[in-house]
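Since the structure comes first, as structure tokens, the remarks are kept for the end.
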Amino acid sequence: MIERPRTKLPHVRRPNDDETPCAVCDKPINITKHKLFVWVHEGGASIVTEAEGKKLNETGHRGSDLGLHPVGRDCIRRYPELEPYVVGVKD
Ligand SMILES: [Zn+2]
């Protein structure tokens, strides 16, 4: 489990229907094509592995589970500590 890194960009447009904000920088990502996700937990404070997320949910923290969020490649490059937490979604 790591603290969720956050990057503040000067301007981020609103996501359209096919998009969800990047977990780190809020830049809209088209999730119909995107394949890299992280599991955001503890109300947005943490990034967790699958095992850690399941454990939190089993121990009464399901209410702070925000689920999988897309993360941009540029953000993974900027925060290499994210890499072990990235879930690749296959076609
Ligand atoms: Zn990003």
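Bear in mind that the values in this text are calculations on the coordinates, not laboratory data. Since this is a predicted model, take the numbers as computed values, not measurements. Glycine gets a Cβ as well: all are built from the backbone with ideal geometry, and neighbour counts include every protein chain shown.
Filtered by the rule that a residue be of a type in the set (A, V, I, L, M, F, W, C) and assigned to a strand (DSSP E or B), region 72-91 gives a lone residue, VAL87.
I'd like the residue in region 28-45 that is without any contact (Cβ under 8 Å) to a residue 24 or more places away in the chain and part of a strand (DSSP E or B) and, out of all such residues, is nearest to HIS11 (Cα to Cα). Among those that are without any contact (Cβ under 8 Å) to a residue 24 or more places away in the chain and part of a strand (DSSP E or B), it is PRO28. For region 59-71, taking the residues that are surrounded by fewer than 18 Cβ atoms within 10 Å (Cβ to Cβ) and part of a loop (DSSP other than H, G, I, E, B), the one that is nearest to the ligand (Cβ to nearest atom) is identified as LEU66.
Filtered by the rule that a residue be touching a helix residue (DSSP H, G or I) at 6+ places or on another chain (Cβ under 8 Å) and either buried (at least 16 other Cβ atoms within 10 Å of the Cβ) or charged (D, E, K, R) (or both), region 6-26 gives CYS22, ALA23, VAL24, CYS25.
Consider region 27-58 and keep the residues that are more than 14 Å from the ligand (Cβ to nearest atom) and hydrophobic (A, V, I, L, M, F, W, C). The one that is surrounded by the fewest Cβ atoms within 10 Å (Cβ to Cβ) is ALA51.
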